[in-house]
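Shown next, in C-alpha cells, is the structure this report addresses.
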Amino acid sequence: MTEPFLVARNIAKRFGALTALADVDLEIRSGEVLALLGDNGAGKSTFIKILAGAHPPSDGELVIEGSPVAFSSPKDAAASGIATIFQELALSENLSIAENVFLGRELKRSIFGIPFLKRKEMRQRVDGLLQELDAHISDPEAPVGSLSGGQRQAVAICRALNLNARLVIMDEPTAALAVAETRKVLALTRRLAARGCAVVLISHNISEVFEVADRIVVFRRGRKVAERLAAETNHEEVVSLITGAHPDVRALEKTN
Amino acid sequence: MNAVRQFRNGVISMNGREWSLLVACLLAIVVFAVASPHYATSGNAITVLRNSVELLLIGLGMTLLLAMGGIDVSIGIVMGLAAIAIGRVLGADGNPLLALVVGPLVGALLGCVTAAVVVLGRVPAIVGTLGLLGVYRTAVFVLLGGQWLSGLPATLTNLLAASVLGIPVPALVIASAYLAVWLALRRTPYGLHLLAIGNSEEKARLSGIPVVKVRFMTFVVSGVLTGIAATFYVATYRNVEMSIGSTLALDAIAAVILGGTSILGGRCSLLGTVLGVLLLRILQNGLLLIGVPSLWQPVVTGVLIIGVLGFEAISNRLPLARFQRARA
Ligand SMILES: Nc1ncnc2c1ncn2[C@@H]1O[C@H](COP(=O)(O)OP(=O)(O)OP(=O)(O)O)[C@@H](O)[C@H]1O
Ligand SMILES: [Mg+2]
C-alpha cells in the first residue's frame, strides 16, 4: 500500500462551547474516491473546511505526504494542491466565469512592476475546461449570478480542475442538480480519481455514493464512527451507521 | 486600430445609466441657460469644472470603497486635515516640492488610520468612519485654533494653474488618476479581488483572496486621492476655513451612487462617477445662479441620493438583487 496523500490526526474543532469535531483520524489516498457521510450537523463541512484552510483546527494535525502542514488561509491549502468546492460554492456572483475560475490565482504579466491580467489566456483556458466538462454555457462573459445551479457547479469544478489539484474536495456537489448534470459530476469524480487525484465527496445520497466511492467514512455528532470499503458494505449498513442504530456505533457512543 | 476600439469599449464605453446622466447634464445646462442670462458663459463653465476637481478625485476613491462594500464618511475632513498640513508648509515658506507631496502623504497616513480602525479593528466602515469624522472635526478646530489659514503664498497656485501642451494641469492629473484607477480596477488582479470582496467578503476569503490587504490598500488609495484633492483645493483658494470639506463626503457618495455604483458593493462605474460629479456640480452651480441660496445645496444632494436609491429599489434594479434571487 502506498503512502496516503493526506493524513488527519486527532482533528478537533470547537466553536466556542460547541464541539463540532472531536478526535477525527482519517487517511486520504491518491486515486481513491472517499465518501464522507453523516447526518445534518455531523461535522462534515467543518472537517473539509479544515482541510481547505478555511478554519484552523482547535487540535490535531494534518500531514501531507509525510510532512506536517498548518494552513493559515485557503491560499495555503491551494498551494499544497488541495482544491475545495464548498457547499455554498464560494463563487463571486458579480464576476464572469473566467474571472471566477482564476480568482485568487490569476494569470498575470508584469509591466513596470504592475501585475496585469492575461485575460485572453484565462478565457481560452476556461473555454477548454468547460468543453472538457461538457458544460453548455452560452455566454462565458455573463456574471456567474445569472447561471443555473448546475452551471455554477460546473464553474466551481472548473476552478478545482484548473488548480491541477492533488486532492479535490466536493461538498454536496449534486444536491442542486438535475439527473443529467448529476451523472456528469459523478463521472467526473471517477475521472479525477483515475488521473491519480484524491477525491473527497460529501453526499446525502447513498446510492450515489455506492456508485462512485471506493471507501466510505461516516461522521456522527462530530466523531468518525465508521470506515468501510464500499465493496465490503451495503446500503442498509451505511444507513444504520448514519442513524446510530448500528451496534458498532452504539457501542462506541456508550464508551464516550 | 484594435487597441483604439478596445480602449473605447472599455475605458469609456457607456451603459444606460451613463447615457441618462449625460442627458441629464445637458438638460440641466439648457434649463439653466434659459433661466439665467449669466449661466451660459465660458467663465461659468470653467467655474463648474474648477469646482469639480476635488470631488472628481475623491469620487474615484469613493467608487473603489463602495465597490468593495466599504464607505468613508470622514473623507471631506480628511481633505481638510491634508489642506491644513499643506497650508502649514506653505506658511512656513517651505519648498514647492514639499508642498506638493505633503498632501498625498497626509492623505495616505490618514487612510492608514481609517484602515486600521475599519479593516484591522473590524469596525463596520460606516460606524468607524463616523467615529473618525468626530475626531477629525475637533482636530481641524484645534489645529486652526478657531482661525482661518488665509493669504497663503501662491507657490502651488503657480504650479497647478499652468498648462502642459495647452492642457490645464488639473485636467491632466484627473485624466491620469482616472486611467490609473480604471486600469487597476479592470485590468489587474486587485480589481477582481476588490469586486469579489464587495460581493461577499467570506466567499472572497474562501477563494484565497488576501482580503485584509486589499481592503487596507483601498483605504490608503482613497486617502492619497483625497490628499491630491487637498493640494488642488489649497492651490485654488489659498486658504483653509473651519468648515472645509463638510459636505464633500455627502457629495461624493451621492455622485458615486448616481453613477451606478452599487451601495451594496460588487459593482461600479468610474465613468458614471465622473458624470455623477458633473451633474451634481452643474445643479449646484445652476441653482445658485438662478437665485437659490447655497444653504439648499445639501438638500439637493440628499434628495438625489434618496431618489436614486428609491428608484432602484422600486424598479427592482437594486444591484445584485437579481443575483440574490437567483441564489435563493
Ligand atoms: N462557523 C461556525 N460557527 C459556529 N458553529 C458552527 C460553524 N460552522 C459549523 N458550526 C456547527 O458545527 C456543527 C457541524 O456543522 P457542519 O456544517 O460541519 O455539518 P455538516 O455535517 O456539514 O451538515 P450538513 O449535512 O447539514 O451540511 C453544527 O452544529 C454547526 O452548527
Ligand atoms: Mg455541510
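Bear in mind these aren't lab numbers, they're just calculated from the coordinates by the rules spelled out. Keep in mind the model is a prediction, meaning the values are calculated, not measured. Every residue, glycine among them, receives a Cβ derived from its backbone with ideal geometry; neighbour counts consider all protein chains shown.
Miscellaneous remarks
- Measuring nothing but alpha carbons in the range B:48-97 and taking Rh as the Kirkwood radius, the Rg to Rh ratio lands at 1.10.
- Packing-based order for B:261-267, B:46-52, using average beta carbon neighbours within 10 Å, highest first: B:261-267, B:46-52
- Kirkwood hydrodynamic radius computed over the range A:48-107 comes to 12.7 Å, based on all pairs of distinct alpha carbons.
- Given +1 at the Cβ of Lys and Arg, -1 at the Cβ of Asp and Glu and no other charges, the dipole of chain A around its Cα centre is 620 debye to the nearest 20.
- Other residues lying with their Cβ under 14 Å from the Cβ of A:ASN40 contribute a combined charge of 0, Lys and Arg counting +1, Asp and Glu -1.
- Entry for chain A at q = 0.07, 0.17 Å⁻¹: log10 I(q)/I(0) = -0.25, -1.35, Debye formula applied to identical alpha-carbon scatterers, no solvent contribution.
- Note on the protein assembly as shown: with charges restricted to the Cβ of Lys and Arg (+1) and Asp and Glu (-1), its dipole about the Cα centre is near 900 debye.
- Dipole in debye (nearest 20) - chain B, about Cα centre, beta carbon charges: Lys, Arg +1; Asp, Glu -1: 940 debye
- Listed from fewest to most Cβ neighbours within 10 Å, the set B:ILE86, B:ILE306, A:ILE114 follows the order B:ILE306, A:ILE114, B:ILE86.
- The range A:101-184 shape via C-alpha gyration tensor axes, a/c threshold 1.5: prolate
- Taking 26 Å as the limit for the C-alpha separation, the pairs A:LYS118/B:LYS203; A:LYS44/A:LYS184; A:LYS118/A:LYS184 exceed it in the case of A:LYS118/A:LYS184.
- Once backbone amide H atoms are built at 1.01 Å from N, A:PHE219 has A:LEU37, A:GLY38, A:VAL225 as its partners under 5 Å, excluding neighbours fewer than 5 places away on the same chain.
- Restricting attention to chain A, close to 60% of DSSP beta bridges with both partner residues there are antiparallel.
- For the range A:160-198 and the range A:1-80, distance of Cα centres in Å: 19 Å
- Counting only DSSP beta bridges whose two residues both lie in the protein assembly as shown, roughly 60 percent are antiparallel.
- Peptide A:68-77 has a mean shielding of 2, counted as Cβ atoms of other protein chains within 10 Å of each residue's Cβ.
- Of the DSSP H helices in chain B, those with a Cα length along their own long axis of 30 Å or more and a mean Kyte-Doolittle hydropathy reaching 0.0 comprise B:42-67, B:211-237.
- Rg(Cα)/(2.2 N^0.38 Å) for the protein assembly as shown, N = residue count: 1.16
- Average other protein chain Cβ within 10 Å of Cβ, residues B:184-191: 4
- Sorted by Cβ neighbour density within 10 Å, fewest at the top, the residues A:MET170, B:MET242: B:MET242, A:MET170
- Remark: the range A:19-34, residue by residue, has Karplus-estimated 3J(HN,Hα) of 9, 7, 9, 9, 6, 8, 10, 7, 10, 10, 10, 5, x, 10, 9, 9 Hz, where x stands for each Gly or Pro and the curve is 6.51 cos²θ - 1.76 cosθ + 1.60 at θ = phi - 60°.
- Prolate/oblate/rounded label for the range B:122-190 (Cα gyration tensor, a/c 1.5): oblate
- Legend: P(r) of chain B from all alpha carbon pair distances, 20 Å bins from 0, whole percents, reading 31, 60, 10, 0.
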